[in-house]
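Since every read-out is calculated from the coordinates, none of them should be taken as a lab result. Treat the numbers as computed from the prediction; the structure is a model and nothing was measured. Neighbour counts are summed over all protein chains in view; Cβ atoms, including those assigned to glycine, are modelled from backbone coordinates with ideal geometry.
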Amino acid sequence: MNKLDSALMLEQFLSKGHKQTDSEKDADIILFNTCSVRKHAEDKVYNNLRMLKPLKDKNPRLIIGLVGCMAEKEKSLALDKIPFLDIICGPNQEHAIVDAIDEITKNRNKVVKTGEGVPPAKMAARTSVNLSEYILAMKGCNNFCSYCVVPYVRGRETSRPMDEIVEEAKMLSEKGAKEIILLGQCISSYDDRGNRLSHLLNAIHYIEGIKRIRFVTSHPAYTAEDVFKAMQDLPKVCPHLHMPAQSGSDKILKAMNRKYTRSDYLKLVEKARKIVPEIEIASDFIVGFPGETEADFEETASLIKEVRFINSFVFKYS
Ligand code: SF4
């Protein structure tokens, strides 16, 4: 999601005549697009920002900004930690980042832009298109898993209209994209006036130039059979499901507010494999969640052995 947000912000700058540089020494504007899903990621951003102090001292006109989820979470508190920051801009305000920076250039003031913004960005212009391209299908999340900041910093779920997404896929295909990766924090809940993820996959499948379609991230409580059927019926939809289990222990899943049990997860995997025999499933896990005992950990380990994931992102709780 952050990669796409960065690409779309870069497009805004390029379309207004800015140029990209690889060297921070040549830059007039340096923005950190951030993630606050783990404390460690936040610490790294603050450390990297502090390292820019000598550059800012040398060139006070250099604009330094904190963008993305960490900006939304920290708001003006970030200024207490990094007083030389010029702009703090949350993920729902990034559509207006260039205007905000123009204002700073003109008035030499500090700007804090957070809170709910406009609905998910309309089709964004893309000057350079890769073989594989992300499209934002929906933003936000309604799930409030107890460890997760997303609903607080990205807001509630909002799905983009299906026809707008299909138009964007056509535009990307005409510019050379062959693979589309649909993004949503909880893509399983995509809903545009009754059009669900399976309908969206069907609609994109019929764009000639597109050869592969993927989607992330699937939530086990909302992933439905129609998606597996679409995967089986539509050859361009890759038989790959990123569906985080997070834990194999019912006690920990409850504490995480994940809304499914170990047995629900295993049944869903069984159903997916029955409908799409070649499917590969990937997962995320958090270990050391508060209250996790050795026995809970062993249940997670046994779930991993039982499901045989193609890959997993495993993090210690932070
Ligand atoms: Fe966070 Fe994902 Fe849970 Fe939403 S479903 S609250 S994004 S972990």
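Using only Cα atoms and rounding to the nearest 10 degrees, what angle (0 to 90) does helix 162-174 make with the longest principal axis of the chain?
Result, in degrees: 70.
Using a Gaussian network model on the chain with a 10 Å cutoff between Cα atoms, which of ARG108, ARG156, ARG196 fluctuates the most?
Taking springs between Cα atoms under 10 Å, the residue moving most is ARG108.
Which residue fluctuates most in the GNM of the chain (Cα springs below 10 Å): ASN257, ASN47, ASN33?
ASN47
Defining a contact as two alpha carbons under 8 Å apart and six or more residues distant in sequence, what relative contact order in percent does segment 177-301 show?
Once divided by the residue count of segment 177-301, the mean separation gives 24 percent.
Which shape class, rounded, prolate or oblate, goes with the chain when its Cα gyration tensor gives a ≥ b ≥ c as root eigenvalues, a/c under 1.5 marks rounded, and past that a/b bigger than b/c marks prolate? If you can, show how the numbers build up before the last one.
Details: a/c = 2.30, a/b = 1.36, b/c = 1.68.
Here the chain falls in the oblate category.
Given H placed 1.01 Å from N in the peptide plane, which residues other than close sequence neighbours of ASP284 have an amide H under 5 Å from its amide H?
For ASP284, the qualifying residues are ALA245, GLN246, PHE313.
How much length is gained if the chain between LEU131 and GLU174 is pulled fully straight, taking 0.36 nm per residue apart and subtracting their Cα-Cα distance, in nm to one decimal?
Values: separation 43, 0.36 × 43 = 15.48 nm, distance 1.11 nm.
Separation in residues times 0.36 nm, less the Cα-Cα distance, equals 14.4 nm.
At 25 °C and a viscosity of 0.890 mPa s, what translational diffusion coefficient does Stokes-Einstein give for segment 182-318, taking Rh as the Kirkwood radius over Cα pairs? Give it in µm²/s as a whole number.
My calculation gives 157 µm²/s for D.
Rounded to the nearest 5, what % of the DSSP beta bridges within the chain are antiparallel ones? Provide the component values of the computation, followed by the final result.
Numbers: 4 of 37 bridges.
The answer is about 10 percent antiparallel.
For segment 123-187, count all C-alpha to C-alpha pairs, find those more than 18 Å apart, and express that count as a whole percent of the total. Can you show the working numbers first?
Working: 893 of 2080 pairs.
In whole percent, the long-distance tail amounts to 43.
When only C-alpha pairs under 8 Å and at least 6 residues apart count, what is the relative contact order of the chain, in percent?
Numbers: 540 pairs, mean separation 36.7, N = 318.
For the chain, the relative contact order is 12 percent.
Using only Cα atoms, tell me the angle between helix 294-307 and the longest principal axis of the chain; keep it within 0 to 90° and round to the nearest 10.
With rounding to tens, the tilt is 70 degrees.
Could you tally the net charge around GLY17, taking each other residue with its Cβ under 14 Å from the Cβ of GLY17, Lys/Arg +1 and Asp/Glu -1? Write down the numbers at each step before the final one.
Numbers: positive: LYS16, LYS19; negative: GLU11, ASP28, ASP99, ASP102.
Here the count lands on -2.
Just to be sure I understand the model, the point goes 7 Å from the Cα along the line to the Cβ. What's the resulting LEU55 to LYS316 distance in nm?
Each label point is offset 7 Å from its Cα along the Cβ direction, giving 3.1 nm.
Can you tell me the length gained on complete extension of the stretch SER6 to ARG193, counting 0.36 nm per residue apart and subtracting the Cα distance? Intermediate results must be reported in sequence, preceding the final value.
Numbers: separation 187, 0.36 × 187 = 67.32 nm, distance 2.89 nm.
Additional length available on full extension: 64.4 nm.
How tilted is helix 39-50 with respect to the longest principal axis of the chain? Cα atoms for both, answer in degrees (0 to 90, nearest 10).
Compared with the principal axis, the helix lies near 20 degrees.
Using a/c under 1.5 as the rounded threshold, could you call segment 31-129 rounded, prolate or oblate? The axes a ≥ b ≥ c are square roots of the C-alpha gyration tensor eigenvalues, and prolate needs a/b larger than b/c, oblate otherwise. Numbers along the way, then the final one.
Values: a/c = 1.63, a/b = 1.23, b/c = 1.33.
It comes out oblate by the Cα gyration axes.
What's the long-distance tail for segment 205-250, i.e. % of Cα pairs beyond 11 Å? The partial results should precede the final answer.
Values: 734 of 1035 pairs.
So the pairs more than 11 Å apart make up 71 percent of the total in segment 205-250.
Which shape class, rounded, prolate or oblate, goes with segment 62-185 when its Cα gyration tensor gives a ≥ b ≥ c as root eigenvalues, a/c under 1.5 marks rounded, and past that a/b bigger than b/c marks prolate? Could you put the intermediate results ahead of the total?
Details: a/c = 2.49, a/b = 1.45, b/c = 1.71.
Because a/c hits 1.5 or more and a/b fails to exceed b/c, segment 62-185 counts as oblate.
Of HIS95, HIS199, HIS18, which has the largest mean-square fluctuation in a 10 Å C-alpha GNM of the chain?
Its mean-square fluctuation being the largest, the pick is HIS18.
Give a quick list of trypsin sites (Lys or Arg not before Pro) in segment 245-318 that DSSP marks as loop, anything other than H, G, I, E or B, with at most 16 other Cβ atoms within 10 Å.
Values: sites: LYS251, LYS254, ARG258, LYS259, ARG262, LYS267, LYS271, ARG273, LYS274, LYS305, ARG308, LYS316; in loops: ARG258, LYS259, ARG308.
The qualifying sites are LYS259, ARG308.
No partner Cβ under 4.7 angstrom, meaning no disulfide-compatible partner by this rule: which Cys of the chain qualify?
By the Cβ distance rule, which asks for a partner under 4.7 Å, the isolated cysteines are CYS35, CYS69, CYS89, CYS141, CYS186, CYS238.
What is the distance in Å between the Cα centroid of segment 244-295 and that of segment 136-152?
When both Cα centres are located, 18 Å separates them.
What is the gain in length, in nm to one decimal, between GLU225 and LYS259 on full extension, counting 0.36 nm per residue of separation less the C-alpha to C-alpha distance? It would help to have the intermediate numbers written out before the result.
On the way: separation 34, 0.36 × 34 = 12.24 nm, distance 1.76 nm.
Extending this stretch completely gives an extra 10.5 nm.
What size of dipole, in debye to the nearest 20, comes out for the chain about its Cα centre when the only charges are +1 on Lys and Arg C-beta atoms and -1 on Asp and Glu C-beta atoms? Mind dumping the intermediate values first?
On the way: 47 positive and 44 negative charges, 84 e Å.
For this selection, approximately 400 debye.
Residue by residue, what Karplus-based ³J(HN,Hα) values in Hz, rounded to whole numbers, does segment 237-247 have, using 6.51, -1.76 and 1.60 with θ = phi - 60° and x for Gly and Pro?
7, 5, x, 9, 10, 9, 10, x, 8, 6, 7
List the trypsin sites (Lys or Arg not before Pro) within segment 1-88 that DSSP assigns to loop and that have no more than 12 neighbouring Cβ atoms inside 10 Å. Walk me through the numbers on the way to the answer.
On the way: sites: LYS3, LYS16, LYS19, LYS25, ARG38, LYS39, LYS44, ARG50, LYS56, LYS58, ARG61, LYS73, LYS75, LYS81; in loops: LYS16, LYS19, ARG38, ARG61, LYS75.
For trypsin sites (Lys or Arg not before Pro) across segment 1-88 that sit outside H, G, I, E and B with at most 12 neighbouring Cβ atoms in 10 Å, the list reads LYS16, LYS19, ARG61.
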